[in-house]
Amino acid sequence: MTTKHTPGPWHVGRGADGHPIVYVDCPASEGSGPGIAHVCPIPHMRSTQGTKEANAHLIAAAPDLLAACDEALNHIEEGTTSYHYISAAIAKARGE
């Protein structure tokens with residue numbers, strides 16, 4: 001993936017419709033900057049407000065989780081199960 005993700009920090013806010021929205025902090029704006037993701041209900045899965053909130057917080061944590069995985073990989077022995085899982089997660093996050 002040649003395009004990089006929007007730099008963080010990201011945080012969770014609320015849209016006009018009440019659904020969670022993941023925002024990027026924007027120093028030039030008062031409060032929230034542009035929206036990264038609008039977390040909507042999934043009708044056939046009967047998404048609850050708690051599920052939508054949990055999904056929004058997981059999305060908002062993505063840049064921090066990727067950075068933590070990158071750092072952890074430097075301290076884990078190559079070839080171990082942990083190394084494999086973290087490498088796979090990093091590749092997935094980068095669209096590889």
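Ignoring everything but the protein chains, give the 1.4 Å probe accessible area of TYR23 in square angstrom, nearest 10.
Surface accessible to solvent at TYR23 totals approximately 40 Å².
With a Förster radius of 25 Å, plug the Cβ-Cβ distance of ALA54 and LYS92 into 1/(1 + (r/R0)^6) and report the FRET value to the nearest 0.05. Kindly include the intermediate steps, with their values, before the conclusion.
Values: r = 19 Å, r/R0 = 0.77.
So the FRET efficiency works out to roughly 0.85.
How much length is gained on full extension from CYS40 to ALA72, taking 0.36 nm per residue of separation minus their Cα-Cα distance?
Computed gain between CYS40 and ALA72 is 8.3 nm.
Order ASP64, ASP25, most accessible first, counting only protein heavy atoms with a 1.4 angstrom probe. Let's see the in-between values first.
Values: ASP64 105, ASP25 70 Å².
The ordering from most to least exposed comes out as ASP64, ASP25.
The values are calculated or read from the model by the stated rules, or taken from the named source; none is laboratory data. Remember, predicted model here, so these are calculated numbers, not experimental data. Cβ: placed from backbone, ideal geometry, glycine included. Neighbour counts: every protein chain shown. Note: accessible area is taken over every heavy atom of the protein model, side chains too, but ligands, DNA and RNA are not part of it. Shrake-Rupley method; radii C 1.70, N 1.55, O 1.52, S 1.80 Å.
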